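The structure appears right after this line, and notes come after that.
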Amino acid sequence: MKGWMTMLGSLLVVLEAIAQPPIALVDVDFTTQENRNFVFQESSVGFDVRSGLILVKATLDGIPGTYVLDTGAPGLVINQLPQGESELEGRGVTGSMAVEETEVGQFRLGNVQFYQLKAYKIDLSYLEKRLLCEIDGLIGYEVLRKMEIVLDYPNQTITFLPEFASSMDVRGDAFFPFHLVNHIPVVEAQLGKRTISLGVDTGAGANVLNKHLGKPYQTKNSKQKQVRGVDRKIRKTTVVQAPVDINGLGPEKQGQEYWLLDLSQLRSDLDHSIDGLLGFPFLKGGKWSIDYGAQRIYKWSQ
């Protein structure tokens, strides 16, 4: 049986008055579609932010809908309940879920169109309840991998450029390289004297660290949270401030809050382990470019 690992923070329903930020990270053993039909035209679209997630409009087989732009997802995920038996299984830090592979005839994002695109059916009703809006799916790596995406949080626009784009005359003031772990963009960072690997996840409403890495930064004033996963089990977690330092970025990104979670399942299911996620608190308020072709992330100054 093929193995899925999913860590959707939207799976974690907080038991307190303050809502827990969702984290939509999905990993699957999938085969890249090298010969897919793909029509590209540079374009920009607006987006909304809800609970730290980027919501964009797209069209699936002629039907418009709302999708989460999620660099932690392997491809196009459709909000549908899987039917019958499947070789795919969802596994995660908070439980498991059913997954079914399918194919869509046409998917359009801005002026970018895909035909006969492989997709995955997952029941995302928990995410809709968490966000209090209708969600038609997630847009991940298989859709984004031939592009450079420019995320302008202040103006709430996304620009889609071809990989190795030459039409951008001005790049960000700083850049740092990333490498792909399965489908996830991963950057190197320093936490004290330790080098760690962090996934850049636009589908994460919070920054996350593997809990053993965050223990040295727990204090008596650290926030304690309770979460419930898809398996309905209640877990306790801690939120800490950690001095994560990424080369090329200024000190304003240091000392942010990180949710401490057990990422052992995530680490075992990926080709190489990662130690956490950089989500909305890290990305918000800035303008970023994720260039999949050059494997670089650019940042514009304020």
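The values are calculated or read from the model by the stated rules, or taken from the named source; none is laboratory data. Owing to the predicted nature of the structure, the values given are computational and were not obtained by experimental measurement. Every residue, glycine as well, gets a Cβ built from its backbone with ideal geometry; the counts of neighbours run over all protein chains shown. Just so you know, the surface numbers come from the protein's heavy atoms only, side chains and all, with ligands and any DNA or RNA stripped out. Shrake-Rupley method; radii C 1.70, N 1.55, O 1.52, S 1.80 Å.
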Reported set for the stretch 234-249 where residues are at pLDDT 90 or above and of a type in the set (A, V, I, L, M) is Val239, Val240, Ala242, Val244
What are the residues in the stretch 250-275 that are buried (at least 19 other Cβ atoms within 10 Å of the Cβ), modelled with pLDDT under 90 and touching a Phe, Trp or Tyr at 6+ places or on another chain (Cβ under 9 Å), if any? Asp269
Tell me, yes or no, whether the stretch 217-233 has at least one residue that is buried (at least 21 other Cβ atoms within 10 Å of the Cβ), on the phi < 0 side of the Ramachandran plot and at pLDDT 85 or above. no
Look at Ile149 and say whether it is more than 19 Å from Leu69 (Cα to Cα), open to solvent by less than 10 Å² (accessible area, probe 1.4 Å) and at pLDDT 90 or above. no
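Any residue at all in the stretch 183-199 that is touching a residue at least 24 places away in the same chain (Cβ under 8 Å), farther than 25 Å from Ile290 by Cα and either in contact with a helix residue (DSSP H, G or I) (Cβ under 6 Å, 6 or more places away or on another chain) or open to solvent by 20 Å² or more (accessible area, probe 1.4 Å) (or both)? Walk me through how you get there before you give the answer.
Going residue by residue through the stretch 183-199, those that are touching a residue at least 24 places away in the same chain (Cβ under 8 Å) are 183-192, 196-199.
After this cut, where a residue has to be farther than 25 Å from Ile290 by Cα as well, the list is 192.
In the following step, the residues that additionally are either in contact with a helix residue (DSSP H, G or I) (Cβ under 6 Å, 6 or more places away or on another chain) or open to solvent by 20 Å² or more (accessible area, probe 1.4 Å) (or both) were identified as 192.
Yes, the stretch 183-199 contains a residue that is touching a residue at least 24 places away in the same chain (Cβ under 8 Å), farther than 25 Å from Ile290 by Cα and either in contact with a helix residue (DSSP H, G or I) (Cβ under 6 Å, 6 or more places away or on another chain) or open to solvent by 20 Å² or more (accessible area, probe 1.4 Å) (or both).
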Scan the stretch 125-141 for residues that are small (Gly, Ala, Ser) and not in a helix (DSSP H, G or I) and jot them down. Gly137, Gly140
Would the stretch 76-83 turn up any residue that is at pLDDT 80 or above, under 17 Å from Met147 (Cβ atoms) and in contact with a strand residue (DSSP E or B) (Cβ under 9 Å, 6 or more places away or on another chain)? yes
Might you let me know whether the stretch 152-172 holds any residue that is modelled with pLDDT under 90, open to solvent by 60 Å² or more (accessible area, probe 1.4 Å) and touching a Lys or Arg at 6+ places or on another chain (Cβ under 7 Å)? no
